[in-house]
Every structure is written in C-alpha cells, then in structure tokens.
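Worksheet: one structure, shown below.
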C-alpha cells in the first residue's frame, strides 16, 4: 500500500464557481455534477481520502481585527445557499464527507493539511484561492481543478515575481483588493515586489528605510501599523484544532 493521500476541497471555492457556470441548473442536476467532479478529483489525484471543508457561521477573527475585511463581496445566490444542505447530504451519500469550520474554511484547511503532513500523509488542497500559495514551502500540494493543473513555485513566481514564502509580505505592503486588505497607502504591487526582491522581507525593508526615496520612505513610515495588520490578515492560521479520524474520509476505490 502506498502513502495515504488526503485531498482537501475548499468546498465553497469549488461549488460557487460551478454554480456560476450554470446558475439556472436544477438542484438535483447540480448535486450530481458536483459529485461527478469530486469523483474526477479522486481519480485524477489518486486520493485515498477526500474531505470537503465549508465556511462556518461565526464572525471571522479577521473581520474583528479589521471590520472592512472582505467588505462588499457579493452574497451567495439563494439558489445555491438554499440547497447547500441537500448538496452536502448528496455528497456524503456518495462517500464524500464534509466538515464545517468554526469561522473561515481557509484556516481550517491549512491546519488540517499541515497536521496530516506530520503524520506521513500526502496533502493536496483543491482551490483557486491564492492565499493557499503561502503553504507551498511546507510540502502541501495545491491543485487548480478548473484549469486541471498544479499550482507550484513556478506558478507563483510567474504570477507574482516572488517566492511563495514572500506572498504574505507582498500583501502586507500592497494589500489585496479582493479581500479588502489595505496594505500601505500609496504602495502598489509593482513597488512592493521591487522592495521585496531587493530586501527580502517587510522587516528588512523597515530596517533600511533610510536607503529609500523620501516619498516612499514616508509612506512606509506613516503606515507601518497598516502593514502589520495587513500581514496578520493575509497569513493563514495553522493552529486550529480538530478531532478527526482520517479513516472517516477514506473513499471507495474507483480505479
């Protein structure tokens, strides 16, 4: 028997995009389509275990830290939210079990992936959320189901011109408009990338402020607290505790 392989699906990331592609699809057809895609993931990634992780209802700690976090995002369509319970049940009936995080699924997924790696189990996260790229250096694998390809260090370097372990530093400086992470006012992505390529980290940049042009130096000095908060918002929490048995998520051999 080979090494166990747990595939962790960022459930809302998957189903919201699938729903958006066919928003008028009857619920039972949608449930069947999701189930078929999970089977495709199981076979394609050679998963021995698979779990779907859903966002919880509790207010995110990030929202408490920064109330504008993810502000203005479109709500989930009622045609999807009204049928989530039926979808979860349908998936479980076909052998794909779910867990629901207390707050955001991202932290739960990251915590589970890292914990499972420590138990000599391969971990692959299925999501297009760029925030998971910060885990690449830990041994976690990432898979883009919609483009049918892995997300790796080369992908990150091509997209961001930085290594995966510098991404939280990038978002600390430049922010992330999609999640309403503020960053340092007046520091855009191009500037932030250049600074990180030169100095390596936000800490090192602040240690060398005297080497920077006056306008840039002033922006960074005046908005240091925003950089600190933005870094916290961007960094995944990986210490969430769960009482899970890997055997509960074993999938049927469909090879």
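The values are calculated or read from the model by the stated rules, or taken from the named source; none is laboratory data. Treat the numbers as computed from the prediction; the structure is a model and nothing was measured. Heads up, the Cβs are rebuilt from the backbone with ideal geometry, glycines too, and the neighbour counts pull from every protein chain shown.
Being crowded, with 20+ Cβ neighbours inside 10 Å and either in contact with a strand residue (DSSP E or B) (Cβ under 6 Å, 6 or more places away or on another chain) or over 23 Å from residue 183 (Cα atoms) (or both) is a property that residue 140 has. Of all residue pairs spaced 6 or more apart or on separate chains, those with beta-carbon atoms under 7 Å, a first member in the stretch 20-31 that is touching a residue at least 40 places away in the same chain (Cβ under 8 Å) and a second member that is surrounded by 11 or more Cβ atoms within 10 Å (Cβ to Cβ) are 23/77; 23/79; 27/83; 27/86; 30/19; 31/86; 31/87; 31/90.
Checked against (1) crowded, with 17+ Cβ neighbours inside 10 Å; (2) assigned to a helix (DSSP H, G or I), residue 217 passes all but a single condition, namely (1). Tell me yes or no: at least one residue of the stretch 38-50 is in the same structural domain as residue 99 (by TED's automatic domain parsing), part of a strand (DSSP E or B) and under 26 Å from residue 143 (Cβ atoms). Within the stretch 38-50, one or more residues are in the same structural domain as residue 99 (by TED's automatic domain parsing), part of a strand (DSSP E or B) and under 26 Å from residue 143 (Cβ atoms).
Return yes when residue 113 is under 23 Å from residue 46 (Cβ atoms), modelled with pLDDT of 95 or more and under 15 Å from the mean Cα position of the chain (by Cα) and no when it is not. Here the answer is yes, as residue 113 does meet what is asked.
Just one of the listed residues (178, 137) is modelled with pLDDT under 95, under 16 Å from the mean Cα position of the chain (by Cα) and over 22 Å from residue 224 (Cα atoms), and it is 137. Go over the candidates 140, 184 one by one and state the one that is in contact with a helix residue (DSSP H, G or I) (Cβ under 9 Å, 6 or more places away or on another chain) and under 29 Å from residue 9 (Cβ atoms). 140 is the lone residue from the list that is in contact with a helix residue (DSSP H, G or I) (Cβ under 9 Å, 6 or more places away or on another chain) and under 29 Å from residue 9 (Cβ atoms).
Of the residues making up the stretch 62-77, those that are assigned to a helix (DSSP H, G or I), touching a residue at least 60 places away in the same chain (Cβ under 8 Å) and loosely packed, with under 15 Cβ neighbours inside 10 Å number 1.
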